[in-house]
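> There's a structure below that I have some questions on.
The values are calculated or read from the model by the stated rules, or taken from the named source; none is laboratory data. Since the structure is predicted, the reported quantities are computational estimates derived from the model, not experimental observations. Cβ placement follows ideal geometry from the backbone for every residue including glycine, while neighbour counts extend to all protein chains displayed. When the accessible area is computed, the model is the full protein with side chains, heavy atoms only, and any ligands, DNA or RNA have been set aside. Shrake-Rupley method; radii C 1.70, N 1.55, O 1.52, S 1.80 Å.
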Amino acid sequence: MALNPYTRKPLRVLGGLAAIVALLAGLLAGANIWGTAHWVPKLGLDLEGGTQMVLEPVLVGTNQVSGQQLNQARDIIVQRVDANGVSGAEVTTRGGRNIVVSMPGQPDKATEDAIRKSSQMRFRAVLAAGAGTNQPQPTTTPSGGATGPASPTGSATSKATKATKAPVPTATGASTTAAKSGIPQALLNATTSPSGTATSKPSATPKATASPTTGTSAKPKSPTDLAWVTEPLAKQFQALDCAKPGALDKVVDDPAKPLVTCSADGTEKFILGPVIVGGDQIDSAAAGYRPLANGQPSSEVEIQLSFKSAGSKAYADASKAMVSLESPRNRMAATLDSKVIVAPQFNEAILNGQASITGGFTIEQARDLANQLKFGALPMSFSLETRENISPTLGSEQLRYGLVAGMIGLLLVAGYSLLQYRALGFVTVASIVIAALLTYLSLTILGWSHNYRLDMAGVTGLVIAIGVTADSFIVYFERIRDEVREGRPLRGAVDTGWRRAKRTIVVADGVNFLAALVLYFLASSNVRGFAFTLGLTTLIDILVVFMFTHPIMGILAETKFFGGGHKWSGLSPERLGATPTTRYVGRGRFATTPAARTAEGSAR
Amino acid sequence: MINFSQFGNDLYTGRRSIPFIAHRRRWYAASAVLVLIALLGLGVKHLNLGLEFTGGSEFRVAAATNVDNYESRARDAVQQVSPGQAANITKLGTSSSTIRVQTEQLTDAQNNDLRAALAKEFGVGTNEVSASFVGPSWGQSVTQQALRALVVFLVLTFLVMAIYFRTWKMSLAAMIALLHDMVITVGVYALTGLEVSPATMIGFLTVLGYSLYDTVVVFDKVRENTQEAFGNKRRTYAEAANLAVNQTVVRSINTTVVALLPIAAVLVMGFTVLGPGTLLDLSLVLFIGMAIGAYSSIFIATPALVSLRHNEPAVQELEKAAAKFHTRQAKKDAEAQAKGTGPGAGAEEPATSEGLEPAVAGRGTGSTGSTGSASPASTASTPRTIHPYAQTGPRNQPRRKPKSQR
């Protein structure tokens, strides 16, 4: 039969399908042997249970957490959890104070941290900088040319002071001088009056109260103004020792006020101006390797940020103002949870609202951070109060009976299609079995790679998918039957029927796939999981129809049983009341199909 | 068993036709009543939202010693205090367990009663049972996002369908059918007072997708048939659409049965063995929704399309042309009958080219039917006249006449 030219192409397509199945199975086997995959799909929270974490907000002083803040925090946590894959976690608030996260499986420490960290990113101008500890050690010059020795992007400056990257140990000995290092001596003396009248600055009098400067461009220059450094602030700065644990515990991060803080690695400390661009102005964040001049990625990890319009204007204005200032004050500090993660110098004004942060993080850290930045900061940090295992909400009997019912349903479907389509019913059943196999394989692989978890709704979705998948075959078979009724021989009926059914199947599945795509990208939580299942089953449906059902029909049309229109083939022209047509069958012979017919058959 | 193939054959050729389009006012009226009842139900009895949407009370029985069968025991305790209350019961921790019971928000008195009942059931002190309020896990924002996604999806689908079918009226008709399905399905929930859980919401979405899918399949056939009608001007738009629905009705029945069989199995299992739960909720919403979806794609979507397009100039023109064709055909047939030769092979499907008016299922009695199907038996036996010379094959073709005699 393989020699028959009609079956050659279908056989090749079937081979392709077999290759796909083998590939998926191989991938799964490989992931099992060398990876952490399992042979069964991962189950969701309601079927398998998981871990419940109770998060307690970390509050400074007597602050209370409002219900609105808690809801906001919950929404952001939901997004962060979603970013870890299609897991179907459940996030609720409890008692107006706690957030309860229930996740399937056992989340590791990194996932846990990623969920509960506040990730408040802000951009502030550096007013003064100094070494992180007050120990007598080589520090920067008191002339204000200090750039951070640990600053990851302490690149060559655009200004006159050239490359102060390797600081010259000038100020020797005394701890007091070292502590003052970053601030010009004159400034400390001059700023005794709180309103900062006569500092040596161009824009002299910023009123600390009247300039909220939360990223709006009302007074673009003021956040960079040295007049923010009042005496108490300077004293606080001197006293700060980044090496001491808990040194920053008392820091109150008020966006409208200057901030004294340390760098994340504790090697440098800063006085920072009020917030120029807040974390809420971050439009998107992506992690990757910084490209070199020739476009090749370098080994340096960077996070690219783009700001919303207000933020990018504020950033542009600030950078324009700061690029011409002398060295510590031309640096923009990016703080994450009140700690400076990086404070690069402006080499030029950045006007397009695109900022890039390069720092000492690994690519994984950068990706986590980018995800957190993208979804916005939590209004506060959370500590982990309890972490417990949680049993499935649905009893195991639900799943068991659900599967039993699914099997019964499948048998009913098989019985019905055999009744309706006779031998063709076997093609339906075989196609559904192939589709089930593909679904099983891909779900298991996705469980391993994307943390896809099957919950009860997903199981039911798969049961529905049986119907939709079967419908594709029904549409196809009905079209073939229509063509047979028109009087085409089976070979031609399969081809023309396919040409017409293909359109219908593709457009109907296309609409479903569109639904899946839109819901997946725009919705969150459970709806996302549903969309994923829907999209997957739709794709598998298309794959099975194109690569299994149609080729099989092509091959079957060549057999005597189907092609000859046997009574039980489901395609017999007599039963379908085919219009009689006379064809020339070669060698001077004519054939009239169907050969003998009763009078009631035709309407032509 | 119904002889489905015979039925299908008849529907396909148009020998038998169900007047889906002609009786559209009936279906509209039936659907309007259903929708009205559903809307009334929604207005009077609001949806019974589960605690995933509204939040509720949570009880924790700490350090319960005997936790065998904790699910049914806790459920019994809940039923004692507040009959008919649904509850989520889970076990926290592995060895020394905490039983967590979540219910809808209870009154203070019920709260205390349930604490006492749970304490008694699991043999711990009442102060070992803590009660607190839990917020919704499916909060406003999830709903909002889902709704936004839904709107985007509907707009996109509208555009895609309008481009594919080349008329926005098909998109509109599909959307009407979709809305119809959603309202009725939601109405059933409001009227029966079944609890709406996240699983139910997923079910709604599935129904939505399925309804649209079904409508698109039917519309694709409508598109094919009406295109043909616009080409050969032998059928009115309504007739072509009606034929399309008739031709796909066997498919629709088969598909619906195949899709509903597994759900029905789950449903029966849910009712008899499992009792209320996610499985029952989901299968019920799916069963109702898909049945209505199948109904609407036949009885609402296509008739709505015909109603929408009825006043288009092109459709009106087609109607006139088709009427002209019918009268011409009738005249031809009458002449042929008068001559006694029977309707010739040239009469193209006279039985299907019937108007909307004859509402009876057997169309043979219609106006043109009298001509077309007057002698089907006589014509059917000789499908196409083969020239007597050709019957024996091409070798015996008659010799061509010599040129002089031509």
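> Roughly speaking, to the nearest percent, how much of the range A:50-116's 1.4 Å accessible area is carbon and sulfur?
46
> Please give the total accessible area that chains B and A bury against each other, computed with a 1.4 Å probe and expressed in Å² to the nearest 100.
It comes to approximately 7900 Å² buried between B and A.
> Starting with the highest mean, order B:79-85, B:134-140, B:145-151 by the number of other Cβ atoms within 10 Å, averaged over the residues of each peptide.
So the order, starting with the most tightly packed, is B:134-140, B:145-151, B:79-85.
> Shape of the range A:393-545 from its Cα gyration tensor (a ≥ b ≥ c, root eigenvalues): rounded if a/c is under 1.5, otherwise prolate when a/b > b/c, or oblate?
Since a/c reaches 1.5 but b/c is at least a/b, the shape of the range A:393-545 is classed as oblate.
> Need one value for B:143-150: mean number of C-beta atoms belonging to other chains within 10 Å of its residues' C-beta atoms.
Partner Cβ neighbours, averaged per residue: 6.
> Solvent-accessible area per residue for the range B:195-302 at a 1.4 Å probe radius, Å²?
22
> For the range A:333-451, list log₁₀ I(q)/I(0) at each q in 0.09, 0.11, 0.19 Å⁻¹, using the Debye formula over Cα point scatterers of equal strength and ignoring solvent, two decimals each.
For the range A:333-451 at q = 0.09, 0.11, 0.19 Å⁻¹, log10 I(q)/I(0) is -0.63, -0.74, -1.20.
> Also: Figure the gain on full extension for A:Asn347 and A:Tyr584 (residue separation times 0.36 nm, minus the Cα-Cα span) and round it to one decimal in nm.
Residue separation times 0.36 nm, minus the Cα-Cα distance, leaves 76.9 nm.
> Any idea how far apart B:Ala162 and A:Asp241 come out in nm if each label point goes 7 Å out from Cα toward Cβ?
7.1
> Using a 1.4 Å probe on the protein chains only, how many percent of the accessible area of the range B:56-134 belongs to carbon and sulfur?
Looking at the range B:56-134 in its full context, I get 43 percent from C and S.
> Now for a separate question. Over the range B:56-134, average the accessible area per residue using a 1.4 Å probe and give it in Å², no decimals.
46
> Roughly how many Å is it from the Cα centre of the range B:226-283 to that of the range B:74-88, as a whole number?
39
> Now, a different point. Could you work out how far apart the two model spin labels at A:Gln296 and A:Asn389 are, taking each label as a point 7 Å from the Cα in the direction of the beta carbon, and quote it in nm?
So the label points at A:Gln296 and A:Asn389 sit 5.2 nm apart.
> Are there residues in the range B:204-227 whose accessible area shrinks by at least 20 Å² when all protein chains are included rather than the chain by itself, and which are they (probe 1.4 Å, ligands and nucleic acids not counted)?
Output list: B:Leu205, B:Thr206, B:Gly209, B:Tyr210, B:Tyr213, B:Val216, B:Val217, B:Asp220, B:Lys221, B:Arg223, B:Glu224.
> With a probe of 1.4 Å, find how much accessible area the range A:50-116 has per residue, and write the answer as a whole number in Å².
Per residue, the range A:50-116 has an accessible area of 38 Å².
> Can I ask one more? Mind listing, in residue-number order, the residues in the range A:425-468 that have at least 30 Å² less accessible area with every protein chain present than in their own chain alone (1.4 Å probe)?
A:Met456, A:Ala457, A:Thr460, A:Val463, A:Ile464, A:Gly467, A:Val468
> What percentage of the solvent-accessible surface of the range B:146-269, computed with a 1.4 Å probe over protein heavy atoms, is contributed by carbon and sulfur atoms?
Reported share for carbon and sulfur atoms: 76 percent.
> Kindly flag which residue pairs out of A:Lys308/B:Lys169; A:Lys42/A:Lys374; A:Lys374/A:Lys502 have an alpha-carbon separation exceeding 31 Å in this structure.
Going by Cα-Cα distance, A:Lys308/B:Lys169; A:Lys374/A:Lys502 fall outside the 31 Å limit.
> With a ≥ b ≥ c the root eigenvalues of the C-alpha gyration tensor of the range A:284-331, is it rounded (a/c under 1.5), prolate (a/b larger than b/c) or oblate?
oblate
> If you bin every alpha carbon distance in the range B:56-134 into 10 Å steps from zero, what whole percent lands in each bin?
Spelled out per bin, shortest first, that is 21, 61, 17, 0.
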